[in-house]
1. Any residue that is part of a loop (DSSP other than H, G, I, E, B) and touching a residue at least 40 places away in the same chain (Cβ under 8 Å) - is there at least one of those in the range 123-139?
2. Could you give me the residue pairs with C-beta distances under 6 Å whose first residue belongs to the range 57-74 and is under 17 Å from Ser114 (Cα atoms), whose second residue is surrounded by 10 or more Cβ atoms within 10 Å (Cβ to Cβ) and modelled with pLDDT of 95 or more wherever it lies, and which are 6+ apart or on separate chains?
3. Output the number of residues of the range 129-148 satisfying the condition of being out of contact with any helix residue (DSSP H, G or I) (no Cβ under 7 Å at 6 or more places or on another chain) and exposed (fewer than 13 other Cβ atoms within 10 Å of the Cβ).
4. Considering only the range 75-103, state which residues are open to solvent by 30 Å² or more (accessible area, probe 1.4 Å) and touching a helix residue (DSSP H, G or I) at 6+ places or on another chain (Cβ under 7 Å).
5. Residues being open to solvent by 80 Å² or more (accessible area, probe 1.4 Å) and of a type in the set (Gly, Ala, Ser): count how many of those fall in the range 108-123.
6. Do the conditions hold for Asp126, that is, is it surrounded by fewer than 14 Cβ atoms within 10 Å (Cβ to Cβ) and either in contact with a Ser or Thr (Cβ under 8 Å, 6 or more places away or on another chain) or closer than 30 Å to Ile64 by Cβ (or both)?
7. Among the residues that make up the range 48-71, is at least one of them open to solvent by less than 100 Å² (accessible area, probe 1.4 Å), out of contact with any helix residue (DSSP H, G or I) (no Cβ under 7 Å at 6 or more places or on another chain) and within 30 Å of Tyr103 (Cα to Cα)?
8. Counting residues that are among the β-branched types (Val, Ile, Thr) and either at pLDDT below 90 or under 21 Å from Glu168 (Cα atoms) (or both), which helices (runs of 4 or more DSSP H) fully inside the range 1-117 reach at least 2?
Amino acid sequence: MITRFSRRERIMILTAMSVIAIAIITHFIIFPAIDKKENIIHRITIKQKELYEMESLKLRYNKIRQAEIAEKAIVMKRDASFTLFSFLDQLARTIQVRQNVAYMKPSARKSDISGVTISNVKVKLDNLLIDKVVDLINAIETSENGVHITSLSLAASGNDRKLTAVIETETIVLDER
């Protein structure tokens, strides 16, 4: 059948068939391979991000775990008769702000960790100089009893440059004791 055509027509037909064949190969083989490669690269990128996030979470978990171990060691080291209320009361006497204490409200709640209770005390102090507030905050946070300030509210009280402070503290208490 191809013999009926002239040489020029045969070249044009073969060229057209070659172009169609190349188009089919490109459309059904090369483009899907390129898309698959891009899809694989995209999935690898996602997996790398997930791996990075998992490593980050692992570091964070290890840091929290070490802090928990250190906190537990502090709690185990302190006196068995330790209470947060009496600690803060004694601290107020030491820093000479006991007369400024308006109230001290103790409370406790069970922790998600079994065998652990979280003890809280909210202290309100009136008519304090800023130096005394700083001394009290420093004494609480640097004590070796594992006491932490969870909330602090300061307000000016009058024109004499004194403050009203509300300090919320907490510490963990082991139930086994």
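1. no
2. Going by the 6 Å Cβ cut-off, there are no qualifying pairs.
3. 6
4. If the condition is that a residue be open to solvent by 30 Å² or more (accessible area, probe 1.4 Å) and touching a helix residue (DSSP H, G or I) at 6+ places or on another chain (Cβ under 7 Å), then Arg98 is the only one that fits.
5. 1
6. no
7. yes
8. In the range 1-117, 7-25, 31-77 are the helices (runs of 4 or more DSSP H) which contain 2 or more residues that are among the β-branched types (Val, Ile, Thr) and either at pLDDT below 90 or under 21 Å from Glu168 (Cα atoms) (or both).
The values are calculated or read from the model by the stated rules, or taken from the named source; none is laboratory data. What you see is a predicted model; the values in this text were computed from it and never measured. Quick reminder, even Gly has a Cβ in these numbers, built from the backbone with ideal geometry, and neighbours come from all protein chains shown. Side chains are part of the model used for accessible areas, which takes the heavy atoms of the whole protein and leaves out ligands, DNA and RNA. Shrake-Rupley method; radii C 1.70, N 1.55, O 1.52, S 1.80 Å.
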